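Quick notes on the structure that follows.
The values are calculated or read from the model by the stated rules, or taken from the named source; none is laboratory data. The structure displayed is predicted, hence computed values, not measured ones. Every residue, glycine among them, receives a Cβ derived from its backbone with ideal geometry; neighbour counts consider all protein chains shown. SASA here: full protein model, heavy atoms, side chains in, ligands and nucleic acids out. Shrake-Rupley method; radii C 1.70, N 1.55, O 1.52, S 1.80 Å.
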2 protein chains.
Amino acid sequence: MAAIKYSRQREAIKDYLMNTKQHPTADTVYLDIRKNYPNISLGTVYRNLNLLSEQGEILKINCRDGCDRFDGNPEPHYHFICKICGRVLDLEMEQIDHINVIAGAGFPGVIEGHVTYFYGTCSKCIPIN
Amino acid sequence: MAAIKYSRQREAIKDYLMNTKQHPTADTVYLDIRKNYPNISLGTVYRNLNLLSEQGEILKINCRDGCDRFDGNPEPHYHFICKICGRVLDLEMEQIDHINVIAGAGFPGVIEGHVTYFYGTCSKCIPIN
DNA sequence: ATGATATATAATAATAATTACTATTATTGT
DNA sequence: ACAATAATAGTAATTATTATTATATATCAT
């Protein structure tokens, strides 16, 4: 039960995320979607972003710069956060699941996964000297 | 300038963190410190937790279960978060800084570090079968 | 010890991100 | 087309955190 019904708002949100390389916050999604759907509500954006990430159709990124960000690519991958400009970039690297084994050695519980993000200075923010 | 002056409230917060293996939230610190300092203010707790972590005397953990947690051990180390009970545990493992190199290969910016936490089921939450 | 100066505090208000509520609207199965 | 149910817009409420301000406390020079 609790069948999911189609809504054009949700469709628009998913389309928007699938067509951007940015990793927008809920508020950015709201402001941009509003250009096509002037009456969309911020609550609708939040509800659908959470629903889509629960369904595994998008990723919710807890980059902890205050608010969550969203990624239209649901495949597990790593992110880089620039300390200077705050941008979130995709990293092209293999999965590093061997760190789960390192962490699990001597740990009495079960390690199921890890959350990792890398930080530093992005190419646009490196001063030219 | 902006010299730091001693305060017994800050001392109590540091003592409290150094004597617990838990990773309390600001609110938990507040509630516990209040047993000895009934008039302490939540704002004071937040200000001192931030000050201490800026000074490198404690760690602020962004485990992203909604709120920040604090660790009296300022040495860099990794944390495990139990999906069932939500507890945050210290992991005894070496630093895995080689993942910065993996991430940096082919990345045009500079990787300076990473934030990682592991999740799964802690020993107390593993069902006995 | 005394007083001047600067920092810290308690109490409260304000902010930011997110979630909850509710009457209305849209979708879906028959 | 109709009934049942989920989704929406608009608004209010919640949660974690930061800002404000008058008062209290610590520190430093005398």
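If you take the residues in the range B:16-26 that are open to solvent by 70 Å² or more (accessible area, probe 1.4 Å) and not polar (S, T, N, Q), which one is nearest to residue B:67 (Cα to Cα)?
In this case the residue turns out to be B:21.
Find all pairs meeting these conditions: Cβ atoms under 7 angstrom apart; at least six residues apart or on different chains; first residue within the range B:3-15 and open to solvent by 60 Å² or more (accessible area, probe 1.4 Å); second residue more than 9 Å from DNA strand D (Cβ to nearest atom) and outside any helix (DSSP H, G or I).
Once the first residue is open to solvent by 60 Å² or more (accessible area, probe 1.4 Å) and sits in the range B:3-15, its partners that are more than 9 Å from DNA strand D (Cβ to nearest atom) and outside any helix (DSSP H, G or I) give B:9/B:37; B:9/B:40.
Determine, yes or no, whether residue B:46 is surrounded by 11 or more Cβ atoms within 10 Å (Cβ to Cβ), away from DNA strand C (no atom under 16 Å from the Cβ) and either hydroxyl-bearing (Ser, Thr, Tyr) or away from chain A (no Cβ under 14 Å) (or both).
no
Among the residues in the range B:23-32, are any assigned to a loop (DSSP other than H, G, I, E, B), more than 11 Å from DNA strand D (Cβ to nearest atom) and in contact with a helix residue (DSSP H, G or I) (Cβ under 7 Å, 6 or more places away or on another chain)?
No, every residue in the range B:23-32 fails to be assigned to a loop (DSSP other than H, G, I, E, B), more than 11 Å from DNA strand D (Cβ to nearest atom) and in contact with a helix residue (DSSP H, G or I) (Cβ under 7 Å, 6 or more places away or on another chain).
Is it true that residue A:37 is more than 7 Å from chain B (Cβ to nearest Cβ), more than 20 Å from residue B:93 (Cβ to Cβ) and among the aromatic types (Phe, Trp, Tyr)?
So residue A:37 passes the test.
Among the residues of the range A:70-77, is there at least one that is outside any loop (DSSP other than H, G, I, E, B) and either within 12 Å of chain B (Cβ to nearest Cβ) or at pLDDT below 95 (or both)?
Among the residues of the range A:70-77, not one is outside any loop (DSSP other than H, G, I, E, B) and either within 12 Å of chain B (Cβ to nearest Cβ) or at pLDDT below 95 (or both), which makes the answer no.
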